[in-house]
1. Using a 1.4 Å probe and counting only protein heavy atoms, arrange GLU49, GLU63 so the residue with the most accessible area comes first.
2. Mind ranking TRP38, TRP70 by accessible surface for me, highest first, 1.4 Å probe?
3. Would you mind counting up the charge near TRP70? Only other residues with Cβ under 12 Å from its Cβ, with Lys and Arg at +1 and Asp and Glu at -1.
4. Just to be sure I understand the model, the point goes 7 Å from the Cα along the line to the Cβ. What's the resulting VAL31 to GLN74 distance in nm?
5. Could you go through segment 60-67 in sequence order and give the Karplus-derived ³J(HN,Hα) for each residue, using 6.51 cos²θ - 1.76 cosθ + 1.60 with θ = phi - 60°, rounded to whole Hz, and x for Gly and Pro?
6. Please report the accessible area of ASP35 (heavy atoms, 1.4 Å probe, ligands and nucleic acids excluded) in Å², nearest 10.
7. What is the sum of charges around ARG57, taking Lys and Arg as +1, Asp and Glu as -1, for the other residues whose C-beta is under 15 Å from the C-beta of ARG57?
Amino acid sequence: MALGAALCVNLVASRAGTGGSVRTASRTYVVKPGDTIWSIARRQADSREDPRPLVDRLIRVNELRDAQIWPGQQLVIPA
């Protein structure tokens, strides 16, 4: 138990020493036929969550001009 607490403290301390810039986790998604930015955002969002902010974020993070995507395209899905 004490070892686990010490590891948590070290992890927090090491992140604190990065100047506050902690990278957020993300993953890559390969667009399938029939996918839209909206459908991808809806699958990622909580069922009670409005997917519109995630749609905007997907467009911004992936540097898209608009919501047009195509099968085989790789998208970064922010955490």
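1. Values: GLU49 100, GLU63 160 Å².
Output order, biggest surface exposure first: GLU63, GLU49.
2. On the way: TRP38 115, TRP70 145 Å².
The ranking, largest first, comes out as TRP70, TRP38.
3. On the way: positive: LYS32; negative: ASP35.
Here the charged neighbours net out to 0.
4. 1.5 nm
5. Those phi angles translate into 5, 4, 8, 6, 8, 6, 8, 8 Hz.
6. Rounded to the nearest 10, that gives 30 Å².
7. On the way: positive: ARG27, ARG42, ARG43, ARG52, ARG60; negative: ASP46, GLU49, ASP50, ASP56, GLU63, ASP66.
Neighbourhood net charge equals -1.
The values are calculated or read from the model by the stated rules, or taken from the named source; none is laboratory data. Small disclaimer: the values here were computed from a predicted structure and weren't measured. With ideal geometry, Cβ positions are generated from the backbone for all residues, glycine too; neighbour counts draw on all protein chains shown. These accessible areas exclude ligands, DNA and RNA; they are computed on the full protein's heavy atoms, side chains included. Shrake-Rupley method; radii C 1.70, N 1.55, O 1.52, S 1.80 Å.
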